[in-house]
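The structure appears below as structure tokens.
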Amino acid sequence: MPDTATNQITATMPQVLIGKTALVTGASRGIGAALAEGLAAAGARVVICDLPAQAADMDAVAARIVAAGGTADTRALNVTDSAALAEAVAAITEATGGIDILVNNAGILKPSRLEDLSEADWDAHMDVNAKGVLLMTNAVIPQMRARGAGRIINIASIAGRQGVPTQGHYAATKATAITLTRVYAQELGPDGITVNAICPGIILTEMGRNNLGSQENIDHWTNVAALRRLGAPGDVTGPTVFFASDLSAFVTGQALNVDGGIYFH
Ligand SMILES: NC(=O)c1ccc[n+]([C@@H]2O[C@H](COP(=O)([O-])OP(=O)(O)OC[C@H]3O[C@@H](n4cnc5c(N)ncnc54)[C@H](O)[C@@H]3O)[C@@H](O)[C@H]2O)c1
């Protein structure tokens, strides 16, 4: 179900993305689902992408968008599968006329101290959270470049700035996502494509709740946050629409913390 913050923000969303097509990865639930709904509320046609096993949840997100008066398609897509990405981008471009906005949101987190981390878990996190951003971005660049415009938004994490115990491998992937953002921004700026990152703090999704574990941890981080609350998925929507729209036309290569005031660098 959509969270309260999503409902509030989508109800008042400025219509700044009319005529645009947005592809959101990992959009069957959590932050990705809220971003898909928010981009649709701002007027974009949204392509909801996630792993094939998430088909029913993708359909549910699409149904909510359509019920709210928006336009949504779904597409099974594993961001680590470069051949499938090329095929998907070609099919979506054919169907929609082009992908104007790419949101690299798909991600995984399985906590472990670094000394206990298996090689397989290191590789899995690097594959999805870092290489997935590279492969997906490279797949959409040619058709953005052909139109001389594009918006790419990478969902990183404040973990990627700070490093967090039991999340060293995850933090390394998110630091990579921030670095990719800065380099792509410089490489793609001449083609009219902006690339920015969002660094969410603690957002109460399946990943966020699993990661926090106990009520004690929830209370602790609620008290650390300047705004004295943890995030809802919809809290990431406004900044994403900003980076997706012409409101941010002169902003590129930036990473914005969206964390209620937990981290200040
Ligand atoms: N929840 C938080 O506190 C938090 C904080 C900072 C950053 N983030 C980041 O935000 C993004 C979304 O997180 P969330 O909390 O909504 O997590 P989530 O686990 O609820 O959702 C992640 C989605 O990514 C999909 N996914 C996983 N592997 C994939 C793959 N190979 N190809 C395509 N899709 C795949 C999953 O199926 C799922 O739908 C992630 O990149 C995460 O690292 C989350």
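Values for this structure:
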item: Debye-sum result for the chain in log10 I(q)/I(0), which assumes one identical scatterer on each alpha carbon, at q = 0.08, 0.10 Å⁻¹; result: -0.28, -0.45
item: Cα-only Debye scattering, region 200-265: base-10 log of I(q)/I(0) at q = 0.18, 0.22 Å⁻¹; result: -0.71, -0.93
item: Cβ-based exposure ranking for H125, H169, H220, in which fewest neighbours within 10 Å come first; result: H220, H169, H125
item: DSSP-defined antiparallel bridges as percent of all bridges, the chain, nearest 5; result: 0
item: Length-normalised contact order for region 101-251 - Cα pairs under 8 Å, 6+ apart - percent; result: 25
item: Relative contact order [Cα under 8 Å, 6+ residues apart], region 133-222, whole percent; result: 31
item: Extension gain from A11 to N138, taking 0.36 nm per residue of separation minus the Cα-Cα distance; result: 42.4 nm
item: Sequence-separation-based contact order of the chain, relative, with Cα cut under 8 Å and 6+ spacing, percent; result: 20
item: Helix-derived mean residue ellipticity, 222 nm - over the chain, DSSP H n ≥ 4, -39500 (n - 2.57), to 500; result: -14000 deg cm²/dmol
item: Unit charges on C-beta of K, R, D, E only; dipole of the chain, Debye; result: 600
item: DSSP beta bridge pairing in region 123-257, given as percent antiparallel to the nearest 5; result: 0
item: Surrounding net charge for D50, when Lys and Arg each add one and Asp and Glu each subtract one, Cβ distance under 9 Å; result: +1
item: Hydrodynamic radius (Kirkwood) for region 1-143, which is based on Cα pairs only, to one decimal in Å; result: 15.6
item: Test item: Cα-centred dipole of region 132-265, Lys/Arg +1 and Asp/Glu -1 on Cβ, debye; result: 160
item: Residues of region 40-54 with amide N under 16 Å of the 7 Å Cα→Cβ point at A68; result: 40-49
item: Positive-end residue of A34, Q143, V258, charge dipole of region 15-258 with Cβ unit charges; result: V258
item: Convex hull projection area averaged over all views, region 122-170, Cα basis, nm²; result: 3.9
item: Distance from region 111-151 to region 62-81 (C-alpha centre basis), Å; result: 21
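Taken together, the values in this text are just the output of simple stated rules run on the coordinates, not laboratory data. Note that the structure is predicted; figures quoted are calculated from it, not measured. Note that we place each Cβ from the backbone using ideal geometry, even for glycine, and neighbour counts take in every protein chain shown.
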